[in-house]
Amino acid sequence: MSMITLSQYLKAAEGAAGHGRITPELSTLIHALSGVSQHISAAVHKGALSGVLGTAGTENVQGETQKNLDIIANDMILVALAASGVVAGMASEELDDCSPVPGHADKPYLVLFDPLDGSSNIDVNVSIGTIFSVLPNPRTGDINNHSFLQPGTAQVAAGYVVYGPQTSLVLTFGNGVAAFTLDREAGEYVLTTPAMDIPADTKEFAINMSNQRHWYPPVQKYIAELLAGKTGERGKDFNMRWIASMVADVHRVLTRGGIFMYPKDLRDPNKPGKLRLMYEANPMSFLVEQAGGKSFDAAQRILDIQPTELHQRCAVMLGSAHEVQRVADYHL
Ligand code: AHG
Ligand code: MN
Ligand code: MN
Ligand code: MN
């Protein structure tokens, strides 16, 4: 085991040449995220013993009933990133509008985050996580929602923390994807996978099959082929997984390949999908592409989408390149 800590990894990246180089300010930002994620992990680890379970009885801008941990994690991250001294403003799944950091309009970074992804799994002890996306501060004056409306290709960093049997931090700066495992006793993340790599082919798909009757024809056709197995056109059997925490499903795809899908469906033709572009689809797409995979909303690369609203949704089909390309081609 390398025993390279996150701090050592970031120090090396600050001194790297060319593409792999990061700024000291970005290091500071990742350190702040690392710190707050350890506090969230400790609370998740205690579960009912730490009063984080159950619902808060409030609703967020998404129309979802907020869980206590949604709000606890959200508030912890807001405080930690505001205190980092390198963040000009933040946007969160749990906040209607962005949250400028007072007096910090000139700081280098904007951060968008899903403080607690997989909320429906909190009370049943299934892996959940935090997802984050880092954009450059456009420095066009005061920070407002419009400051955040940058395409996924503008991200300078993205990552997630999955609170599972291990607490893992997965991170990209645009120079590959690194995975770290939290050493709770030492209170630091240790590099455990220097370069995550998604195989181009797979036998594993992730989709919520209960929505099948609502899917559009291209997804119906694609999934029917997978279900036909060895005797069908694909000539091989496929396996299915659906954890219903995007962070855990995507971690599996980054770890062993697969295709993850949350397609647009007929239930609401005006709703392009369930997942949110700015703090779910974009960060995960950056990670997946950096690990050799692909990520489309239907026939378009997600990272190319020009956002028009902070909480806009999109369809997601990401993972093993050959499978994602195949189902994207069915949409042409
Ligand atoms: P969140 O808990 O942050 O609102 O996100 C939940 C998302 C995503 O994590 C997951 O892939 C998807 O919702 C599961 O949706 P279904 O419950 O419809 O399967
Ligand atoms: Mn939610
Ligand atoms: Mn989420
Ligand atoms: Mn969430």
Check your understanding: I198: β-branched (V, I, T), in the same structural domain as V327 (by TED's automatic domain parsing), in contact (Cβ under 8 Å) with a residue 40 or more places away in the chain and not in a helix (DSSP H, G or I), yes or no?
Key -> no
Review point. Pick from the range 213-238 the residues that are touching a residue at least 60 places away in the same chain (Cβ under 8 Å) and open to solvent by less than 90 Å² (accessible area, probe 1.4 Å): which of them is farthest from N270 (Cα to Cα)?
Key: Y222
Point to revise | Which listed residue is open to solvent by 20 Å² or more (accessible area, probe 1.4 Å) and farther than 21 Å from L112 by Cβ, from A13, A48 | key: A48
Review point. Any idea how many residues of the range 239-257 are among the polar types (S, T, N, Q), open to solvent by 10 Å² or more (accessible area, probe 1.4 Å) and within 14 Å of ligand 3 (Cβ to nearest atom)?
Key: 0
Check your understanding: Has the range 278-287 got any residue that is within 12 Å of ligand 1 (Cβ to nearest atom), among the hydrophobic types (A, V, I, L, M, F, W, C) and either part of a loop (DSSP other than H, G, I, E, B) or not assigned by TED's automatic domain parsing to the domain that holds I122 (or both)?
Key -> yes
Check your understanding: Can you tell me how many residues in the range 16-41 are surrounded by fewer than 14 Cβ atoms within 10 Å (Cβ to Cβ) and within 26 Å of L78 (Cα to Cα)?
Key -> 1
Review point. Can you find a residue in the range 57-68 that is in the same structural domain as T172 (by TED's automatic domain parsing), touching a residue at least 12 places away in the same chain (Cβ under 8 Å), away from ligand 2 (no atom under 16 Å from the Cβ) and open to solvent by less than 40 Å² (accessible area, probe 1.4 Å)?
Key: no
Exercise for review: Look at E14 and say whether it is of a type in the set (D, E) and away from ligand 2 (no atom under 15 Å from the Cβ).
Suggested key: yes
Check your understanding: Consider A299 against the criteria (1) at pLDDT 95 or above; (2) in a loop (DSSP other than H, G, I, E, B); (3) open to solvent by 10 Å² or more (accessible area, probe 1.4 Å): it satisfies all of them except one. Which criterion is unmet?
Key -> (1)
Practice item. Can you confirm whether the range 162-170 contains a residue that is more than 17 Å from V247 (Cβ to Cβ), in the same structural domain as S99 (by TED's automatic domain parsing) and in contact with a helix residue (DSSP H, G or I) (Cβ under 7 Å, 6 or more places away or on another chain)? Key: no
Check your understanding: Of all residues in the range 96-122, how many are within 16 Å of ligand 3 (Cβ to nearest atom) and either of a type outside the set (V, I, T) or open to solvent by 10 Å² or more (accessible area, probe 1.4 Å) (or both)?
Key -> 11
Review point. Among the residues of the range 117-139, is any among the charged types (D, E, K, R) and within 27 Å of S7 (Cβ to Cβ)?
Key: yes
Check your understanding: Looking at the range 316-332, which of its residues are open to solvent by less than 10 Å² (accessible area, probe 1.4 Å) and more than 17 Å from K203 (Cα to Cα)?
Key -> V316, A328
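The values are calculated or read from the model by the stated rules, or taken from the named source; none is laboratory data. It should be emphasised that the depicted structure is a prediction, and the values quoted were computed from it without experimental measurement. As a convention, Cβ positions derive from the backbone with ideal geometry for all residues, glycine included, and neighbour counts pool all protein chains shown. Just the protein is used for accessible areas: all its heavy atoms, side chains included, with ligands, DNA and RNA removed. Shrake-Rupley method; radii C 1.70, N 1.55, O 1.52, S 1.80 Å.
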